[in-house]
Amino acid sequence: MNTNETIMTDLIRSARELRERFIADPYRPAYHITAPEGVCGPFDPNGALFWKGRYHLMYIVQTDKGHCWAHISSKDLIHWRHHPLALEPGEGDTGIFSGGASLDKNGTPTITYWGLGAPRGICIATSTDDLLEVWTKSPHNPVIGETQPGLAEVELDDKKLVYGAADPSAIWIHDGRYYMITGNLLVLREFGLKREQSEHQGDTVYLFVSDDLAKWEYLHPFYTSNRQWTRADEDNMCPDFFPLPSNPDGGSVSDRHMLLFISHNLGCQYYIGTYSGDRFEPETHGRMTWVDNAFFAPESLVDDRGRRIMWAWIFDGRSNETRQVSGWSGTMSLPRVLWLNEDKTLRMAPAEELKILRCNPREITDMVVPADIHLPLENVSGNCLELEIEFAPGQAKQFGVKICCSAGGEEETAVFYDAVDKALKIDTRYPSLGEGPKTVESAPLELADDELLKLRIFVDRSVVEVFANDRQAAMRRIYPTRDDALGVLLFAKGGSMTIPSLRAWDMAETNPW
């Protein structure tokens with residue numbers, strides 16, 4: 001066997017060993033988008049775009065060259081093809097950080113990204129091929145320069161201006177001109193917190209306009225940050241700005257826009273408001289993570305039906321040492337469809353395409369759960385499930401379901417509604433005798449009188465995502481250590497409840513390993 005044959009044989013053997021190792025990993029998600037290999041951090045979803053019948057999604061990965069954008073695409077939002085890396089360091093970039101994707105006036109796919117360098121700033125790349133596998137960086141990069149990492153101090157009309165030069169949004173077209181916003185983390189840290197300048201405290205983004213994608217003019221902060229909603233130490237990064245559809249199936253847009261973003265300390269959140277006169281006026285504010293920042297770096301696209309679909313990076317929650325030993329880290333949330341309700345509030349639901357993964361259906365109807373007991377479900381168990389449950393609360397103060405329960409109760413995760421706190425909660429204080437976040441996530445949700453609680457619960461080994469009444473959603477990571485931590489049971493506290501309908505499915509795996 002010659003040298004080349006030996007090298008190829010070793011590579012094939014290593015690939016097989018890696019595949020077998022990942023398949024055997026009890027915590028590696030089966031149907032969430034997951035890093036194919038390597039410990040990825042950050043793992044921000046970026047550059048989401050529907051193009052020629054396919055959903056395209058980029059995300060940050062790390063190679064020997066530094067931070068890059070990986071690229072996957074799908075026909076159905078469920079099964080994903082891996083493409084060559086979309087963007088790598090080079091041509092002035094020492095690393096590729098977050099940004100967005102859209103179409104320019106000619107219909108050309110156009111990426112914005114934060115190019116790392118000394119200094120660098122906001123950069124642009126374009127593609128014209130059907131699979132979006134070849135991207136050309138603009139010769140005008142950086143189109144918005146930085147004077148220090150992530151920000152710029154410039155003189156304009158004898159005035160000193162400071163604005164962010166990090167995490168650009170996707171470009172949008174309004175009244176025939178190009179617009180883009182940039183994030184404020186580095187401005188907040190340097191001027192708002194370190195120098196205690198109040199005008200630079202809190203979350204904001206900076207609005208830029210261009211006629212040709214090469215020359216960009218800074219206009220002003222895009223909106224006014226309000227302390228009734230966010231804290232002075234919260235930033236606005238990974239911004240994504242768009243009109244909300246008026247229904248879950250897409251169609252025409254509503255009269256309200258959404259600004260979806262993160263603060264680094266408290267995670268994913270959003271504003272809904274009006275957009276006119278080159279300014280955004282928030283009317284309501286909401287969060288998508290509450291106890292920590294583990295739902296992070298949102299990114300969205302609009303598809304050919306007009307649906308607005310988002311993803312977020314779900315933090316791992318284990319120690320860095322454990323992640324390194326496991327050989328992988330990096331998980332996306334399920335695709336989440338967003339739309340505006342008639343009362344001008346946000347609605348959200350898992351993409352309908354997820355239903356194609358359902359296997360082995362089971363159904364229970366009109367079950368009564370007595371007060372203050374736990375009722376095991378004999379024919380429903382596992383750690384790769386979807387549960388669709390309707391609860392009629394009665395007089396119960398807390399009611400819900402426990403998943404991934406061991407026989408003796410040593411490990412369990414509770415998903416329930418708290419009628420006193422008016423919140424959807426996921427209790428992960430006892431899901432594992434080992435690692436993982438030990439918290440209670442609490443998402444605000446107020447049920448109307450006689451309103452049923454309708455939950456869709458997705459269990460994917462180490463990921464739990466819960467959707468409630470198309471009005472709320474929450475996520476947690478769990479890492480049970482016991483082989484018998486597969487049980488499902490119902491419970492009610494302070495009164496009995498009724499289950500009008502419970503349906504359960506095993507979920508087919510979509511990750512190749």
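On the basis of being surrounded by 19 or more Cβ atoms within 10 Å (Cβ to Cβ), at pLDDT 95 or above and hydrophobic (A, V, I, L, M, F, W, C), does V380 make the cut?
Numbers: surrounded by 19 or more Cβ atoms within 10 Å (Cβ to Cβ): yes; at pLDDT 95 or above: yes; hydrophobic (A, V, I, L, M, F, W, C): yes.
So V380 fits the description; yes.
Sort out which residues of the stretch 201-212 are surrounded by 17 or more Cβ atoms within 10 Å (Cβ to Cβ) and farther than 19 Å from A166 by Cβ, and write them in order of number.
Of the residues in the stretch 201-212, the ones surrounded by 17 or more Cβ atoms within 10 Å (Cβ to Cβ) are 201-208, 210.
Those that are surrounded by 17 or more Cβ atoms within 10 Å (Cβ to Cβ) and farther than 19 Å from A166 by Cβ: none in the stretch 201-212.
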Out of the stretch 315-357, which residues are over 25 Å from G41 (Cα atoms), touching a Pro at 6+ places or on another chain (Cβ under 6 Å) and outside any strand (DSSP E or B)? A351
Can you find, within the stretch 447-497, the residue that is surrounded by the fewest Cβ atoms within 10 Å (Cβ to Cβ) among those that are among the polar types (S, T, N, Q) and in contact (Cβ under 8 Å) with a residue 60 or more places away in the chain? T481
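If I ask for residues that are small (G, A, S), out of contact with any Gly (no Cβ under 9 Å at 6 or more places or on another chain) and either farther than 27 Å from G306 by Cα or buried (at least 21 other Cβ atoms within 10 Å of the Cβ) (or both), which ones from the stretch 42-72 would you list? Working first, answer last.
The first filter runs over the stretch 42-72 and keeps only residues small (G, A, S), leaving 47-48, 53, 66, 70.
Add one more test, that the residue is out of contact with any Gly (no Cβ under 9 Å at 6 or more places or on another chain), and what stays is 53, 70.
If the condition is that a residue be small (G, A, S), out of contact with any Gly (no Cβ under 9 Å at 6 or more places or on another chain) and either farther than 27 Å from G306 by Cα or buried (at least 21 other Cβ atoms within 10 Å of the Cβ) (or both), then A70 is the only one that fits.
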Against the definition (touching a Ser or Thr at 6+ places or on another chain (Cβ under 8 Å), more than 26 Å from P239 (Cα to Cα) and not in a strand (DSSP E or B)), how does R21 come out, yes or no? no
Hey, can you tell me all the residues within the stretch 211-234 that are farther than 18 Å from Y275 by Cβ and of a type in the set (G, A, S)? A214, A232
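Could you count how many residues in the stretch 420-443 are touching a residue at least 60 places away in the same chain (Cβ under 8 Å) and of a type outside the set (S, T, Y)? Walk me through it before giving the result.
First, the residues of the stretch 420-443 that are touching a residue at least 60 places away in the same chain (Cβ under 8 Å): 435-437, 439-443.
Pick out the ones that are also of a type outside the set (S, T, Y) and you get 435-437, 440-441, 443.
Within the stretch 420-443, residues that are touching a residue at least 60 places away in the same chain (Cβ under 8 Å) and of a type outside the set (S, T, Y) number 6.
Going by the structure shown, is T498 in a loop (DSSP other than H, G, I, E, B) and either over 15 Å from L385 (Cβ atoms) or of a type in the set (S, T, N, Q) (or both)?
Details: in a loop (DSSP other than H, G, I, E, B): no; either over 15 Å from L385 (Cβ atoms) or of a type in the set (S, T, N, Q) (or both): yes.
When the stated conditions are applied, T498 does not pass them.
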Pairs returned, first residue in the stretch 254-275 that is acidic (D, E), second residue that is at pLDDT 95 or above and assigned to a strand (DSSP E or B), beta-carbon separation under 8 angstrom, 6 or more apart or interchain, are D255/T274
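Give S198, S169 a once-over and let me know the one that is in the same structural domain as P239 (by TED's automatic domain parsing), polar (S, T, N, Q) and surrounded by fewer than 18 Cβ atoms within 10 Å (Cβ to Cβ).
On the way: S169 fails: surrounded by fewer than 18 Cβ atoms within 10 Å (Cβ to Cβ).
Of the residues listed, the single one that is in the same structural domain as P239 (by TED's automatic domain parsing), polar (S, T, N, Q) and surrounded by fewer than 18 Cβ atoms within 10 Å (Cβ to Cβ) is S198.
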Kindly provide the set of residues from the stretch 156-214 that are over 25 Å from T126 (Cα atoms) and of a type in the set (D, E), ordered by number. D157, D158, E190, E196, E199, D203
Cβ-Cβ below 6 Å, separation at least six or inter-chain, first residue in the stretch 135-162 and without any contact (Cβ under 8 Å) to a residue 24 or more places away in the chain and not assigned by TED's automatic domain parsing to the domain that holds I122, second assigned to a loop (DSSP other than H, G, I, E, B) and of a type in the set (F, W, Y): which pairs? none
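The values are calculated or read from the model by the stated rules, or taken from the named source; none is laboratory data. It should be emphasised that the depicted structure is a prediction, and the values quoted were computed from it without experimental measurement. In this analysis, Cβ positions are derived from the backbone assuming ideal geometry, glycine residues included, and neighbour counts consider all displayed protein chains.
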